[in-house]
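First the structure, in the form of structure tokens, and then the observations on it.
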Amino acid sequence: MSMDHEHHLPPMSSVRRWLVTTNHKDVGILYIVTSLFFLVAGGILALLFRIQLWSPGASILSASAYNQAVTVHGLVMVFWFLSPFAFGFANYVVPLQIGAKDLAFPRLNALSYWLYLFSGLLVLASFFQGGAFQGGWTMYAPLNVEMAEATGGQLPMFTPSVGGTMTILALTLFVISVTVGTINFLVTIHRGRAEGMGLWQLPMFSWSILLTVWMMLFAFAALLAALVVLLSDRIVGTTYLAATGSGGSLLWAHIFWFFGHPEVYIVFFPALGVMFEAFQSFCGRRLVGRKWVILAMILVAVQSFLVWMHHMFLTTINLEIKTLMMASTIGISLPFDLMVFSMIYTMAKGKIRFTTPFLFSLGALVLFIVGGITGVFLGAIVLDYEFRGTYWVVAHFHYVMVAGVTALIGGLYYWFPKMTGKMYDERLGKLHFALYFVGFNLLYFPMFAAWKTPRRVFEYATGLTPWHQLATIGGFVLGGSFLVMFYNLYHSFLSGEPAGDNPWEYAATTEWAIPSPPPLENWAGRVSFADGGLSFVDDEDDRAHAADGGERTTDGGTAVGRPAVPTGATATPTPTETTHDREPDHASIWPLGVGVGLFFLFAGLSAFRQGELVQTAYLAPLAVGLGVTLYSSYQFGMESFHAPEPAIAERWPFDGVEKGKLGVWFFLASDVVVFGALIGAYMFIRINFGWADWHNVPPDALPGLVNTLVLLTSSFTVVLAMVYAERGSKRGLVGSLVATVLLGLTFLGIKAWEWSHEFAIGVYPWSGIEESVYYLTTGMHGFHVILGMIVALFMIYRASGGAYLGDDEPVEYFGLYWHFVDIVWVLLFPLFYLL
Amino acid sequence: MSSPALVFVPLQFAEQSRAEIFQSIFEVFLALGTLVGVVVIGYTLYNAYKNRDDGAEVDAAEDAADGAASKKRPRVGDLPSGGGGGRKLFLSFAISAIIVVGLIIWTYSALLYVEGQPNTADAEQVNITGEDFTWQFEYENGVTTVNELRVPANERVVLQASSGDVWHTFGIPEKHVKTDAIPGQTSTTWFDTGETGEYRAECFELCGTGHSGMEATVIVMEPEAYEAWLTNQSSGGNESASENESATGDQSNGDNESNRLDAAASPTPAAAGEAVTGTTPMTAHAGGGIR
């Protein structure tokens, strides 16, 4: 049995392996290792400002450096450490838990990783470009932009241009990484579950990841819109966020916090998933109230989008909406109460073993309880009037968020034996936990005592000094505890005791039924739960290998005579794919290529400010980046990469929706939110401006109307292309695609003509708020048209070579995207030309 | 503000200062929060200890093959399912829900009271503008001061806050009042000035390199002294106006200066409106300065 085929994958000891791998386990390890690096980076920044906070007044950091440190600490910890760390485990473990051999789109998975790594390099690079962004991780407006002519006043608090812009660009690239990854996980979990594993039977960690990616899909789309607006203001010079404009501070606050609140659950949910797994495994008891816990998590995921204004209680929003948000905020704490009690009661009648993973999960629960209780204080608006902008908030969110980190660290110990095949040193693990727990509370509990300190300052009332000093000491203890962990894991990786398939009695999910570390293909055959328990089914040979607790399954356990026939009505066979047609691929250089290209492209963009290039040296990376990205994308598209799907799997509720189509639907759902946020921004601004006082930039609606007809026609030609492809007519296919491109170019041409007329009379994006909104929103749409053109040209090239005939799916996917672009225009046309 | 709702405000909150409202609510939350925290965490740790695996006998009942699925210990290869035991869960959940929701409903009446701007019709009103890391105050008769807010004792004062540049947040911790100061917006709040003395106002929203140290002194004066000062200022007003210009004019190379008053020092009443400019000691910029 050839389960360890290389499939063009170099061995693990070679560097090239890690550059080309698309296997979910490798990518998971890459994410975990890289995120730990960012943990150290963010931690060092924190220790720097904790040193500054030893006594009131500036010491080792200037005011600007201090602000950079607190800002980048927040950004790095939230974005470049927490979620990637969680997704390292998600990458490794979720396919194993659901019975899949890899994610739905392995190359896109690798791409997500490279975009993550490169975006992280950009954010660190921003320190060296005149200073990183220094407006806090919340990036409030108008501090986050420069206003050249808008107010005319002298504003000494601006963030340095190039480095500040670079930080924002880095975050934008990160959001692209997340979006790609989100789509991948959604399709994987919804389409790749083993036979017999309905959604209800998903293991708790996989459930937590599923809900996390659902939230990410919509939340990060909103963040992308906010960042696009911010970048537009900084790079082009639009005035969305100008201080006294119709957008300004509140516009930013609304869009950012609409993202920001789901974000905190996005970072916490995977930790919750780890806690549920650890509690079950180490208490030897199934989760109490499991069904209700799942429902509670679903409720939180939805409700997280309805509480964002509790970050804005002291702004000028009206009392009624404040009250509503207070109610929904308190409401969202209740499902968490249920989850906490579920874990507590799971311990009853348990056989609890205080291993390192369990200590961290139990510790996380205790810390989360403290954090959660202090959050209720913040939900009572009258108290929030006091706590706003103080260390009470800082202490609260560190208790809850770092409780999440605590659980994930437990996850690292929990899955370390599975990933490396070696056992870590248990005594050192417990030492780590002891130092960690002491350090954590020494660092964050005094912040409650010193709660009157304003956030992000280094001046504070001298009476609070002892508390700050305790916190600084605690920070070093907490940071130092990680040295124990790094030593332990490194040493154990090299020479630890071999761990078996399942070192944890009562750990029940599928990853514990296979060797440590698992072979490249995870298992032979296909996972099935059709008879109520785990078995590995070989569809071709009709032989089944049953899994007994902990026994190896690859060299034939007890053969249980079981026909490989779908037993449930929900299992959907995929007619075209079986696992034995062709060996799956696991390597591709092109994700790295696209990542490198985008790295340089985004780096180059940082040199623009208010429509001008301020550093000509950056033109070279910009051009190189664009070229590398286009070339790598082309190769990516041309590459023949086989990522087979299981013949039989649970796909509810997406039975009958093909993998690629489902991916496109999820992508479009995310894009809907991006445009929704931009159009929402337009509404917000125009209402503040005075709806009737607004003037539309295009002087004449006719070009817009013509463009609408052009696009609608092009949608028709795309449908034609699909029909011709289905019928196998190459000429028809190529012809309709060419027609589509020509129509698209017509659209762009008319638009260019319109814009050049505006420029000729001095109407630029920075001329005023109406212009800003018009150019950015229609420009964003135009950008989507350009991307569509590029894809269409690629498809024409492929189609001329005979592709897509008889298999019209790629054409259909392009069609879906193109129809979406059309629909957006049909909305934009009346908004910007008629109303 | 919905006045019908004020009918439901319990007498407890009527006529109280913000300080008293905050204090009473905070204490109840703190007491209840600590109690709940101690009980829940204690019960958690107790449960963990009580159910620890002490290597004892195998639970025959729970490992029995024909026992209820929820009672069986998890084993590799099991399809995930629940562990039953929902009733206790619901009881605990219901109790915590009642406590939490009850607390919020109780504070809601306080919220209505505070937001109703009670008894502020004749109150002194001061306009606050945060700008260039300074706080500028404008009084009803047009007098302005920088980084120094003067108010009469034992009165309710209304504050209207805005910003001349970026998002600031004005707060006087000891007077339990705070509000965002957002450019293009004016937010309204009130506080009770209480006893005479000097207090500190700070900025609670990151606003740039001068955020740390963006402070003002709040001087609560005897009412007669306050009236005298106010009249004095408006008649000899050119003096404070020029003080304002020099104070704001110096902010153009902003990042090395902050207007900071030493809170420990006692004020000189004659130096009304004067901004004491201090220089925050700065070491070499670690990450490059701002433009």
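List of remarks:
- The listed residue being under 30 Å from B:ARG73 (Cβ atoms), touching a residue at least 40 places away in the same chain (Cβ under 8 Å) and surrounded by fewer than 17 Cβ atoms within 10 Å (Cβ to Cβ), out of A:GLU497, A:GLU505: A:GLU497
- Given (1) at the interface with another protein chain (Cβ under 9 Å from one of its Cβ atoms); (2) at pLDDT below 90, index of the condition B:PHE8 fails: (1)
- Residue list for region A:498-515, filter: at the interface with chain B (Cβ under 9 Å from one of its Cβ atoms) and in contact with a strand residue (DSSP E or B) (Cβ under 9 Å, 6 or more places away or on another chain): A:ALA508, A:THR509, A:THR510, A:ALA513
- Of residues in region B:131-177 being at the interface with chain A (Cβ under 9 Å from one of its Cβ atoms), part of a loop (DSSP other than H, G, I, E, B) and within 29 Å of B:GLN23 (Cβ to Cβ), the one nearest to the chain's Cα centre (by Cα): B:HIS176
- Matching residues, region B:100-118, being within 9 Å of another protein chain (Cβ to nearest Cβ) and hydrophobic (A, V, I, L, M, F, W, C): B:VAL100, B:VAL101, B:LEU103, B:ILE104, B:TRP106, B:ALA110, B:LEU111, B:LEU112, B:VAL114
- Residues of region A:623-661 that turn out to be closer than 30 Å to A:PHE118 by Cα and in contact with a Pro (Cβ under 7 Å, 6 or more places away or on another chain), as a count: 3
- Matching residues, region A:95-116, being touching a strand residue (DSSP E or B) at 6+ places or on another chain (Cβ under 9 Å), part of a helix (DSSP H, G or I) and of a type in the set (Gly, Ala, Ser): A:ALA110
- Count of region A:38-72 residues which are away from chain B (no Cβ under 13 Å) and in contact (Cβ under 8 Å) with a residue 40 or more places away in the chain: 9
- Qualifying residue in region A:606-621 (condition: touching a strand residue (DSSP E or B) at 6+ places or on another chain (Cβ under 8 Å), part of a loop (DSSP other than H, G, I, E, B) and under 30 Å from A:ILE168 (Cα atoms)): yes
- Helices (runs of 4 or more DSSP H) completely within region A:727-835 that count 3 or more residues being over 24 Å from A:ASP671 (Cβ atoms), free of Cβ contacts under 8 Å to residues at least 60 places away in the same chain and out of contact with any helix residue (DSSP H, G or I) (no Cβ under 8 Å at 6 or more places or on another chain): A:730-760
- The sole residue among A:MET447, A:MET423, A:MET485 that is farther than 30 Å from B:SER212 by Cα, crowded, with 20+ Cβ neighbours inside 10 Å, in contact with a helix residue (DSSP H, G or I) (Cβ under 7 Å, 6 or more places away or on another chain) and at pLDDT 95 or above is A:MET485.
- Qualifying residue in region A:322-338 (condition: away from chain B (no Cβ under 11 Å), buried (at least 21 other Cβ atoms within 10 Å of the Cβ) and either within 19 Å of A:PHE256 (Cα to Cα) or of a type in the set (Asp, Glu) (or both)): yes
- A:SER55, sole failed condition from (1) assigned to a helix (DSSP H, G or I); (2) of a type in the set (Gly, Ala, Ser); (3) surrounded by fewer than 24 Cβ atoms within 10 Å (Cβ to Cβ): (1)
- Helices (runs of 4 or more DSSP H) contained entirely in region A:346-450, each with at least 2 residues that are more than 12 Å from chain B (Cβ to nearest Cβ), of a type in the set (Gly, Ala, Ser) and in contact with a Lys or Arg (Cβ under 7 Å, 6 or more places away or on another chain): none
- Boolean, A:VAL274 is modelled with pLDDT of 95 or more, surrounded by 24 or more Cβ atoms within 10 Å (Cβ to Cβ), in a helix (DSSP H, G or I) and away from every other protein chain (no Cβ under 12 Å): yes
- Count - residues of region A:235-251 that are in a helix (DSSP H, G or I) and surrounded by fewer than 24 Cβ atoms within 10 Å (Cβ to Cβ): 4
- Residue check, B:ALA228 part of a strand (DSSP E or B), over 14 Å from the mean Cα position of the chain (by Cα) and either more than 9 Å from chain A (Cβ to nearest Cβ) or among the small types (Gly, Ala, Ser) (or both): no
The values are calculated or read from the model by the stated rules, or taken from the named source; none is laboratory data. Not measured: the values here are computed from a predicted model. So basically every Cβ, Gly included, is an ideal-geometry build from the backbone, and we count neighbours across all protein chains shown.
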